[in-house]
Amino acid sequence: MFVSILWEGEIAGCQEKDHERLVDIWYRAVVRTHTFLTEEDIQFYKNIVQNEAMKELEVWVAVNELQEPTGFIGLNGPKFEMLFVAPDQHGKGIGTRPFFPAFRFFVSNTYQTLLFYSFLYSFFRML
């Protein structure tokens with residue numbers, strides 16, 4: 001199931017046609033940020049993301065003014081499985097601003113939530 005979060009915070013359905021764009025965002029983000037992986041590793045994981053993971057998760061997509069995907073998170077119930085932003089969009093607040101409605105919707109006020117926000121804050125300070 002795909003859910004798209006627009007800049008204004010509106011939630012709208014995201015079409016299956018965006019699947020390849022999201023996989024491309026995943027690939028470009030991994031190449032840029034996961035420098036410890038070999039190209040062989042990346043291709044291995046890309047196959048899993050493309051053919052399994054993205055279809056198993058609930059995916060929330062951040063889009064720009066033109067309704068083009070710029071980043072996404074993959075949720076498995078209340079658990080965050082993936083968070084990726086297109087490399088050319090790093091540092092623009094995409095990983096925080098559009099996704100917070102999803103965080104509030106899926107995550108209760110637990111210790112895990114505090115750890116997640118702490119991780120998120122540290123992660124985006126590095127970008």
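The values are calculated or read from the model by the stated rules, or taken from the named source; none is laboratory data. A quick note: this is a predicted structure, and the numbers were derived from the prediction, not measured. Cβ sites come from the backbone with ideal geometry, for glycine too, and all protein chains shown count toward neighbours.
Answer yes or no: is there a residue in segment 69-77 that is under 20 Å from Ile25 (Cα atoms), at pLDDT below 65 and in contact with a strand residue (DSSP E or B) (Cβ under 7 Å, 6 or more places away or on another chain).
Looking for residues that are under 20 Å from Ile25 (Cα atoms), at pLDDT below 65 and in contact with a strand residue (DSSP E or B) (Cβ under 7 Å, 6 or more places away or on another chain), one finds none in segment 69-77, hence no.
Quick check on my filter: what residues within segment 13-55 are modelled with pLDDT under 90 and surrounded by 12 or more Cβ atoms within 10 Å (Cβ to Cβ)?
Within segment 13-55, Cys14, Asp18, His19, Ala53, Met54, Lys55 qualify.
Just checking, does segment 49-59 include any residue being under 17 Å from Pro87 (Cα atoms) and assigned to a helix (DSSP H, G or I)?
No, because not a single residue in segment 49-59 is under 17 Å from Pro87 (Cα atoms) and assigned to a helix (DSSP H, G or I).
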